[in-house]
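**Student:** Sharing a structure, written as structure tokens. Questions coming.
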Amino acid sequence: MEELILVRPSSEYAAQITEYRQEFLDIGSAMDGTGSLRRIDDPEEYINVCRNYEEPTTVPSHLVPATQFFFIRESDNKLVGMIQIRHYLNDFLEKFGGHIGYSVRPSERRKGYAKEMLKMALPCCKEIGLEKVLITCIDGNIGSEKTILANGGIYESTVHEPNENENLKRFWIAL
């Protein structure tokens, strides 16, 4: 696989953040692992929000601190995916969301990027003190399920998330 890296959000990727967001909006796809990107159309504001979400003192009280990463293909410096690591679980995340959310740009799917992105993010989870991580995916999302299993995910259960009316499969990965 080509060279891929995880980087923190920065102004260098402002135009690509806008393009990434628009690709999801154009097809009506979920922006998992992007934090507040769906609500924010200004890339600089989004970058600042990502920074604020990292610290317990600046994250909104209903959320938990989280670290946002961009998954960059080095050959053309293209933003191909995003992954967010939540530092711990609140009630909602413990039931439905998990420690990690991720997405791959619709035009870059089915190339193995999600599997590699998750693999590269797991050591970051260990660095912040996590011993295991919970990851969920919509029941029937075979690609995401394969990504989680390929990275050591162990199926625990399926739960119904009433707000989205979705069944979610829950997996744990030991670090």
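The values are calculated or read from the model by the stated rules, or taken from the named source; none is laboratory data. What you see is a predicted model; the values in this text were computed from it and never measured. Note that each Cβ is placed from the backbone with ideal geometry, even for glycine, and that neighbours are counted across all protein chains shown. In case anyone asks, the SASA skips ligands and DNA or RNA and just uses the protein heavy atoms, side chains included. Shrake-Rupley method; radii C 1.70, N 1.55, O 1.52, S 1.80 Å.
**Student:** Quick one: among Glu145, Glu116, Glu131, which has the greatest mean-square fluctuation in a GNM of the chain with alpha-carbon springs under 10 angstrom?
**Tutor:** Sorting by GNM fluctuation, first place goes to Glu131.
**Student:** Same structure again: Do me a favour and compute the ellipsoid semi-axes for the chain from its Cα gyration tensor, root of five times each eigenvalue, largest one first, whole Å.
**Tutor:** 23, 19, 17
**Student:** Need the full-extension length gain, Ala30 to Thr57, defined as separation in residues times 0.36 nm minus the C-alpha distance. One decimal, nm.
**Tutor:** Going from the current span to full extension adds 6.9 nm.
**Student:** Pop out the carbon and sulfur fraction of the accessible area of the chain as a percent, whole number, probe 1.4 Å.
**Tutor:** Summing carbon and sulfur atoms, their accessible area is 48 percent of the total for the chain.
**Student:** Could you work out how far apart the two model spin labels at Asn90 and Glu12 are, taking each label as a point 7 Å from the Cα in the direction of the beta carbon, and quote it in nm?
**Tutor:** For the pair Asn90/Glu12, the computed spacing is 3.2 nm.
**Student:** Something else now. Would you mind listing how long the stretch 69-117 runs along its three principal axes, going by Cα atoms, in whole Å with the largest first?
**Tutor:** Extents along the principal axes: 40, 19, 14 Å.
**Student:** Additional query: If packing is taken as the mean number of other Cβ atoms within 10 Å per residue, what is the order of 72-83, 152-163, highest first?
**Tutor:** Answer by packing, highest mean first, reads 72-83, 152-163.
**Student:** What is the pair-distance distribution P(r) of the stretch 23-105, computed from all Cα-Cα distances in 5 Å bins starting at 0, with each bin given as a whole percent?
**Tutor:** 3, 14, 23, 26, 19, 11, 4, 1, 0
**Student:** Related question: In this model, which of Lys132/Lys169; Lys78/Lys111; Lys111/Lys132; Lys95/Lys132 are farther than 24 Å apart at the alpha-carbon?
**Tutor:** As for pairs spanning more than 24 Å Cα to Cα, those are Lys111/Lys132.
**Student:** At 18 angstrom or more along the helix axis (alpha-carbon based) and mean Kyte-Doolittle of -0.5 or higher, what helices does the chain contain? Whole DSSP H runs only.
**Tutor:** Qualifying helices, which must be both long enough and hydrophobic enough, are 14-27, 113-127.
**Student:** How much accessible area per residue does the chain have, in Å², with a 1.4 Å probe?
**Tutor:** Accessible area per residue, the chain: 52 Å².
**Student:** Another question, then. At a threshold of 8 angstrom on Cα-Cα distance, excluding pairs fewer than six apart, so keeping six or more, what relative contact order does the stretch 78-151 reach in percent?
**Tutor:** 34
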